[in-house]
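The values are calculated or read from the model by the stated rules, or taken from the named source; none is laboratory data. Here the structure is a predicted model, which is why all the values come from computation and not from measurement. As a convention, Cβ positions derive from the backbone with ideal geometry for all residues, glycine included, and neighbour counts pool all protein chains shown. All accessible areas refer to the heavy atoms of the entire protein, side chains included, with ligands and DNA or RNA removed. Shrake-Rupley method; radii C 1.70, N 1.55, O 1.52, S 1.80 Å.
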Amino acid sequence: MGAQLRVYKRRIQAVTATKKITKAMEMIAASRIVKAQRKVAASQPYATELTRAVTAVATGSDANHPLTTEVETPTRAAVLLITSDRGLAGGYSSNAIKAAERLRERLASEGKEVDTYIVGRKGVAYYGFRERKVADSWTGFTDNPAYSDAKRIAAPLIEAIQNETAEGGVDELHIVFTEFVSMMTQNAVDARMLPLTLDEAAEESTRKGEILPLFEFEPSAEDVLDALLPRYVESRIYNALLQAAASEHAARRRAMKSATDNAGDLIKSLSRLANAARQAEITQEISEIVGGASALADATAGSDK
């Protein structure tokens, strides 16, 4: 076997091993998408009803609550960025980071300082490499988040917006995550969680033909809002984590399928080159044999004379 043919065979073996790995990762990601979609669907009714309840309490009372009242001149905002802990998911994390950068620029143009909170090692690494300050970060659960993770994330954010006059307090709370639309489409979006935009929530209920119920508050509307709004933030963050997890699995499945297809194409190309090299070796050997036989025949004929 010639040296060139050995090189092609080694490359084919290496690419074949890589193809097996990417195919396995594609199948694993595909199986996890279904579970993540079910969790998203299961969390949606609770988040929707909780939003309606909070909206009804806020619009049905004249409570001046810090979590529902717009600050006249907001100067500080918190941004929660959700990325992944692992790579090999195409542009999933980079798209979310780009959306967060655009939001940061927009808030800065409005004269607001931005405190960044990050979920996922990819986002932490991005900000750490650029030596940017991060208010807080959480890692280790992005592909399978639990409600307890959402509560841990929500706690410092709620404290920051409640202590708007103290050091570290903020006037607004934004979240950047990847919305799961379908197996082929996932969009990086940003949304303002707090203060709650009551007009938009009420308009959405009106479009759906829903009538917000009337409540009597015991002991007061402020106490009800104090109890409901932290849970509202937790549910919004949990839903965003679940959508981000489903998007991560979908992006990884798509990236691994592309890698598997590319590996298959490369194996075909290398196989053709290996076949061509083998054919060249065979042709050369035949030429050498024919040349040697011809030289031997000429030598024999010369000796006979």
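Contact order normalised by length for region 23-257, with contacts defined as Cα pairs under 8 Å and 6 or more residues apart; what percent is it?
It rounds to 36 percent for region 23-257.
Within a straight-line Cα-Cα reach of under 18 Å, Lys268 can be paired with the following lysines, leaving aside sequence neighbours fewer than 8 residues apart in one chain: Lys9, Lys19, Lys20, Lys23, Lys257.
Packing, taken as the mean count of other beta carbons within 10 Å per residue, orders the peptides 227-235, 145-153 from highest to lowest as 227-235, 145-153. The GNM of the chain, with springs linking C-alpha atoms under 10 angstrom apart, assigns the highest mean-square fluctuation among Glu285, Glu179, Glu101 to Glu285.
Were the residues from Glu70 through Gln13 laid out at 0.36 nm apart, the gain over their Cα-Cα distance would be 14.3 nm. Mean-square fluctuations from a GNM of the chain, with a 10 angstrom spring cutoff on Cα atoms, peak among Ile267, Ile237, Ile161 at Ile267. Bridging of Lys39 to lysines at a Cα separation below 19 Å is possible for Lys151, once same-chain residues fewer than 8 apart are set aside. Screening the chain for whole DSSP H helices of 15 Å or more along their axis (Cα) with average Kyte-Doolittle hydropathy at least 1.0 returns none.
So with the 1.4 Å probe, I'd like the accessible area per residue for region 23-257, rounded to whole Å².
It amounts to 50 Å² per residue over region 23-257.
Given R₀ = 45 Å, what would the calculated FRET efficiency be for Met183 paired with Ser287, taking r from the Cβ atoms and rounding to 0.05? So the FRET efficiency works out to roughly 0.20. Taking a Cβ cut-off of under 14 Å around Tyr232, the surrounding Lys, Arg, Asp and Glu residues balance to a net charge of +2, with basic ones at +1 and acidic ones at -1. Surface composition of the chain: carbon and sulfur atoms hold 53% of the protein heavy-atom accessible area at a 1.4 Å probe.
May I ask you to compute the full-extension gain from Met27 to Lys98, defined as 0.36 nm times their residue separation minus their alpha-carbon distance, rounded to one decimal in nm?
Contour length minus the Cα-Cα distance gives 22.7 nm.
Taking the helices alone, the chain has a mean residue ellipticity at 222 nm of -23000 deg cm²/dmol, built from -39,500 (n - 2.57) per DSSP H run of at least 4 residues and averaged over all its residues.
Spatially, region 1-44 and region 80-134 are offset by 28 Å when compared through their Cα centroids.
Taking a ≥ b ≥ c as the square roots of the eigenvalues of the Cα gyration tensor of region 23-257, is the shape rounded (a/c under 1.5), prolate (a/b larger than b/c) or oblate? Oblate, because a/c is 1.5 or more while a/b does not exceed b/c. The alpha-carbon of Lys98 sits under 22 angstrom from the alpha-carbons of these lysines, leaving out residues fewer than 8 places away in its chain: Lys112, Lys122, Lys133.
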